[in-house]
Amino acid sequence: MAESMLSLDDVKVHFGGVRAVDGISIALEPGKLYGIVGPNGSGKTTLINAISRLVPLTDGTITFDGTVVSRMRPFQVSREGLARTFQAVRLLPTLTVRDNVRVAVDRMRDGDGGRRGRWRRTPAERNRAENATDVALERLHLTQLAGEYPENLPFGTQRRVEIARAIANRPKLLLLDEPIAGMNREERTEIAEIMKSLRDDGLTQLLIEHDLRIVLSACDHIFVMNFGKCVADGPPRETAARPEVQEAYLGRKHDGGA
Ligand SMILES: Nc1ncnc2c1ncn2[C@@H]1O[C@H](COP(=O)(O)OP(=O)(O)O)[C@@H](O)[C@H]1O
Ligand SMILES: [Mg+2]
């Protein structure tokens with residue numbers, strides 16, 4: 001049996017009576033691009049929050065690259081090699097594009113270095129951080145914009161800065177919560193191409209996305225959620241065509257991608 005990059009065993013996240021995630025068991029193989037689709041409120045964001053340890057599990061087990069992470073804190077699971085982006089862009093307005101990415105590398109080093117002070121890195125460490133920043137900017141086509149401030153950039157470009165920040169520490173798994181929502185067609189296509197190229201370099205990704213066109217063309221495998229459960233999974237086109245999936249989409253109001 002191939003070793004999973006991530007496996008969820010009967011994961012539940014309940015908020016009082018709300019069963020946001022209600023018994024999800026899935027496994028991700030390394031080096032693939034996975035999609036999660038499903039109507040608004042079906043538990044997609046909560047699932048990613050559970051994996052990145054932002055919400056406590058009500059039940060179940062999450063294993064990430066051989067390590068049980070179900071009870072870890074967010075910084076611990078990120079130290080294990082898990083990175084994510086959020087539904088809303090979160091950039092530091094007073095820092096340049098480059099420094100927004102660079103501080104993420106620094107922050108990782110803090111978690112890594114235990115007692116070592118934030119600014120007391122060896123020259124070799126500083127060099128590594130600079131290189132990691134350059135590589136991430138390059139991968140997201142941001143090298144020319146490194147000196148700009150986020151507020152002067154279009155939304156789609158800000159989103160790319162966020163993804164650059166997430167990959168700067170060379171994570172093993174990247175979770176993306178609606179990375180192309182609110183973007184124009186050109187920006188969507190560019191981000192989808194970037195995700196595919198990261199996948200081709202071996203980065204495992206789990207993407208929440210409403211734009212089925214993008215999901216169908218970019219993902220290797222999709223999971224369909226409805227009412228906190230995974231109601232179908234498999235190859236994108238074939239899975240999207242199944243009756244229970246059509247039902248999940250047509251039976252409830254479709255989320256516009258907010
Ligand atoms: N922190 C929370 N407290 C209470 N209910 C929540 C919380 N987060 C999400 N929910 C509820 O859980 C359900 C799933 O939400 P969410 O995971 O955001 O869905 P999706 O991302 O698929 O739109 C919704 O009913 C939502 O209102
Ligand atoms: Mg959501």
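Here are some notes:
- Options S70, S4, S42; residue that is out of contact with any helix residue (DSSP H, G or I) (no Cβ under 7 Å at 6 or more places or on another chain), of a type outside the set (D, E) and not assigned by TED's automatic domain parsing to the domain that holds T239: S4
- Strands (runs of 3 or more DSSP E) wholly inside region 1-75 that include at least 3 residues being in contact with a Cys (Cβ under 8 Å, 6 or more places away or on another chain): 18-28, 33-37
- Among (1) surrounded by fewer than 17 Cβ atoms within 10 Å (Cβ to Cβ); (2) among the hydrophobic types (A, V, I, L, M, F, W, C); (3) in contact with a strand residue (DSSP E or B) (Cβ under 7 Å, 6 or more places away or on another chain) - the single one A241 does not satisfy: (3)
- Some residue of region 150-157 being under 26 Å from N131 (Cα atoms) and of a type in the set (V, I, T): yes
- Screening A83, A27 for residues that are within 28 Å of A240 (Cβ to Cβ) and within 13 Å of the chain's Cα centre (by Cα) leaves exactly one candidate, A83.
- Residues of region 1-58 satisfying the condition of being exposed (fewer than 15 other Cβ atoms within 10 Å of the Cβ) and near ligand 1 (Cβ under 8 Å from one of its atoms): F15, G16, V18, N40
- Number of the exception - A181 against (1) crowded, with 19+ Cβ neighbours inside 10 Å; (2) in contact with a helix residue (DSSP H, G or I) (Cβ under 8 Å, 6 or more places away or on another chain); (3) assigned by TED's automatic domain parsing to the domain that holds D65; (4) under 17 Å from Q87 (Cβ atoms): (2)
- Residue in region 71-89 that is among the small types (G, A, S), within 13 Å of ligand 2 (Cβ to nearest atom) and over 24 Å from V231 (Cβ atoms) present: yes
- Among the candidates R159, R165, residue that is touching a residue at least 40 places away in the same chain (Cβ under 8 Å), within 20 Å of the chain's Cα centre (by Cα), within 16 Å of ligand 2 (Cβ to nearest atom) and not assigned by TED's automatic domain parsing to the domain that holds D59: R159
- Counting residues in region 84-93 that are assigned to a strand (DSSP E or B), within 16 Å of ligand 1 (Cβ to nearest atom), touching a residue at least 12 places away in the same chain (Cβ under 8 Å) and touching a helix residue (DSSP H, G or I) at 6+ places or on another chain (Cβ under 9 Å) gives one or more.
- S70 being of a type in the set (S, T, Y), touching a Ser or Thr at 6+ places or on another chain (Cβ under 8 Å), touching a residue at least 12 places away in the same chain (Cβ under 8 Å) and away from ligand 1 (no atom under 16 Å from the Cβ): yes
- Restricting attention to region 188-209 and to residues that are surrounded by 16 or more Cβ atoms within 10 Å (Cβ to Cβ) and of a type in the set (S, T, Y), the residue that is nearest to ligand 2 (Cβ to nearest atom) turns out to be T204.
The values are calculated or read from the model by the stated rules, or taken from the named source; none is laboratory data. Because the structure is a prediction, the values reported are computed rather than measured. Cβ: placed from backbone, ideal geometry, glycine included. Neighbour counts: every protein chain shown.
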